Amino acid sequence: MLIDGDGALLACNQVFAERLGHTVEQLIGHDLFALFPPEVAARRRIACAQAARSGATIVLRDIRGQRHLLNTITPVPNPDGTPWLAVFSRDITEDVETKARIEAHLATIRRSNEELEQFAYVASHDLREPLRQISSYIGL
């Protein structure tokens, strides 16, 4: 999406509009921050003001319910000299869930490896005992 310095929505794509349950035409010209819950809107206003002031891209992660979003806010020059802000939001829920599954599998593998190491130690010790007895008898 593209917003002006006051938060008015200048452009957005269909995915963003559908995510909010509107059409693109219904959203253009409206206050972007009014579309979010108050606590999210307050954080977004601060981040947008910081990006506009600094001229640097801001990266934010949001967790809303089960959805994980990665957002970048980038200042874009416009003809009157005040910055517009391009906001890119990507749903990374699948990536986060995949990472969690991989970490769970790694934890299982680590536990299994620890158990195998313990087994190998015990088995090695138990297998040496008959050899010690044979060596003892040979010595006699």
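Residue selection: GLU39 satisfies the criterion of being open to solvent by 100 Å² or more (accessible area, probe 1.4 Å) and either within 30 Å of ASN13 (Cβ to Cβ) or outside any helix (DSSP H, G or I) (or both).
When the range 7-36 is filtered for residues that are loosely packed, with under 11 Cβ neighbours inside 10 Å and in a loop (DSSP other than H, G, I, E, B), the ones remaining, listed by number, are GLY21, GLY29.
A quick yes/no check of all residues on (1) touching a Leu at 6+ places or on another chain (Cβ under 6 Å); (2) at pLDDT below 95; (3) over 30 Å from LEU10 (Cα atoms); (4) not in a helix (DSSP H, G or I):
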site	(1), (2), (3), (4)
ASN78	no, yes, no, yes
PHE88	no, yes, no, yes
ALA100	no, yes, yes, no
GLU103	no, no, yes, no
LEU106	no, no, yes, no
GLN118	no, yes, yes, no
ARG128	no, yes, yes, no
GLN133	no, yes, yes, no
ILE138	no, yes, yes, no
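How many residues does the range 53-63 hold that are open to solvent by less than 80 Å² (accessible area, probe 1.4 Å) and not small (Gly, Ala, Ser)? If you could, list the steps in order and put the result at the bottom.
So in the range 53-63, the residues open to solvent by less than 80 Å² (accessible area, probe 1.4 Å) come out as 54-58, 60, 62.
Adding the requirement that they be not small (Gly, Ala, Ser) leaves 57-58, 60, 62.
Of the residues in the range 53-63, 4 are open to solvent by less than 80 Å² (accessible area, probe 1.4 Å) and not small (Gly, Ala, Ser).
Among the residues of this structure, ARG90 counts as one that is surrounded by 10 or more Cβ atoms within 10 Å (Cβ to Cβ), without any contact (Cβ under 8 Å) to a residue 24 or more places away in the chain, charged (D, E, K, R) and within 30 Å of GLY7 (Cα to Cα).
The values are calculated or read from the model by the stated rules, or taken from the named source; none is laboratory data. Note that the structure is predicted; figures quoted are calculated from it, not measured. Every residue, glycine as well, gets a Cβ built from its backbone with ideal geometry; the counts of neighbours run over all protein chains shown. Keep in mind that these areas ignore ligands, DNA and RNA; they rest on the heavy atoms of the full protein, side chains included. Shrake-Rupley method; radii C 1.70, N 1.55, O 1.52, S 1.80 Å.
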